[in-house]
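Here is the structure we will look at, set down as structure tokens.
The values are calculated or read from the model by the stated rules, or taken from the named source; none is laboratory data. The shown structure was predicted, so the numbers you read here are calculated from the model rather than taken from an experiment. Positions of Cβ are generated from backbone atoms using ideal geometry, with glycine treated the same way; all protein chains shown enter the neighbour counts.
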Amino acid sequence: MPEWQDLTQPITERVTTHPPGWPYPEFEAYKSHESDGVNATRVRIVTHCGTHMDAPSHFFSADDHGTIEDVTPDEMVTEGVVLDLTDVDRGAAITPADLDAATEGNPIEDGDFVVLDTGMDPTETDEETYLREYAYPGVAAAEYLVDAGAAVVATDALGVDEPGASIADHEVHRALLPAGVRIVEGVANLGDVAYARHEFVCTPLPYVGRDGSQVRLLARELESVEREREESEKR
């Protein structure tokens, strides 16, 4: 079978957090094999670092909007497209015209998991550049994605809003989340991923009443899966 590709950042004590100044993850050896006969670790982590998903309650009241445990199994195992936005200048807004070009021959279908490859690999980019110089969907592009039927908008940047935007100016979050579009940020390892349709597995942890979670994000090119299935049926 075609191999799954792991698009998840490793979680370390220095995984980039956003915005700058948010705490890094902390790992404490709660039990050790040497002392207790078993290893167990206590973790302290912000829900919005590494490869993670935003729930609507990230920017809206948890009393009135969905929280991360509302993500269903059907949403976690789905299909969608990876789009080439690497020609968009760093720090610039992605436009509807950019999305038109990226979806030519690789269209967005209703309910798709849409990955925006801006060329910002979190595992290969220094932290300052990663936080300050990424391309991002402008509000018009966010509305384009909503109208196209995207169920998830994922990006290799650590944010979908303009670098350095204040909380009040996070207009893209406020365009996507109320429309029922989930946001995944910090996607990694897109360098070898085809701009095509894929199967995706994206699994947040069901933190009850919370605003987000790290995810394990996997992708497998759908054409390769279908081609191998057809070849198997011919045997």
For Ala175, which of the numbered conditions (1) assigned to a helix (DSSP H, G or I); (2) farther than 25 Å from Thr72 by Cβ fails to hold?
(2)
By residue number, the members of the range 1-51 that are over 19 Å from Asp211 (Cα atoms), assigned to a strand (DSSP E or B) and hydrophobic (A, V, I, L, M, F, W, C) are Phe27, Ala29, Ala40
Out of (1) out of contact with any helix residue (DSSP H, G or I) (no Cβ under 8 Å at 6 or more places or on another chain); (2) in contact (Cβ under 8 Å) with a residue 40 or more places away in the chain; (3) more than 24 Å from Ile11 (Cα to Cα), the odd one out for Glu185 is which?
(3)
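Select, from Glu109, Glu124, Glu104, Glu128, the only residue that is in contact (Cβ under 8 Å) with a residue 40 or more places away in the chain, of a type outside the set (Val, Ile, Thr) and either over 17 Å from Leu217 (Cα atoms) or out of contact with any His (no Cβ under 7 Å at 6 or more places or on another chain) (or both). Break it down stepwise before answering.
Working: Glu124 fails: in contact (Cβ under 8 Å) with a residue 40 or more places away in the chain; Glu104 fails: in contact (Cβ under 8 Å) with a residue 40 or more places away in the chain; Glu128 fails: in contact (Cβ under 8 Å) with a residue 40 or more places away in the chain.
None of the other options fit; the residue is Glu109.
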Filtering the range 52-82 for residues that are charged (D, E, K, R), at pLDDT 95 or above and not in a helix (DSSP H, G or I) leaves a count of 2
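Quick check on my filter: what residues within the range 44-58 are out of contact with any helix residue (DSSP H, G or I) (no Cβ under 9 Å at 6 or more places or on another chain) and surrounded by 11 or more Cβ atoms within 10 Å (Cβ to Cβ)? If you could, list the steps in order and put the result at the bottom.
Keep residues of the range 44-58 that are out of contact with any helix residue (DSSP H, G or I) (no Cβ under 9 Å at 6 or more places or on another chain), which gives 44-46, 49-52.
Hits for the range 44-58 are Ile45, Val46, Cys49, Gly50, Thr51, His52.
Which of the residues belonging to the range 104-147 are more than 17 Å from Gly80 (Cβ to Cβ) and part of a helix (DSSP H, G or I)? Walk me through how you get there before you give the answer.
Just the residues of the range 104-147 that are more than 17 Å from Gly80 (Cβ to Cβ), to begin with: 119-136, 138-140, 143.
Matches in the range 104-147: Glu127, Glu128, Thr129, Tyr130, Leu131, Arg132, Val139, Ala140, Glu143.
Being among the small types (Gly, Ala, Ser) and over 18 Å from Ile11 (Cβ atoms) is the filter; apply it to the range 188-216 and report the residue that is modelled with the lowest pLDDT. Please lay out each step first, then the result.
So in the range 188-216, the residues among the small types (Gly, Ala, Ser) come out as 188, 191, 194, 196, 209, 212-213.
Going one step further and asking which of them are over 18 Å from Ile11 (Cβ atoms), we end up with 191, 194, 196, 209.
Working: Gly191: 93, Ala194: 97, Ala196: 97, Gly209: 96.
Checked the range 188-216; the qualifying residue modelled with the lowest pLDDT is Gly191.
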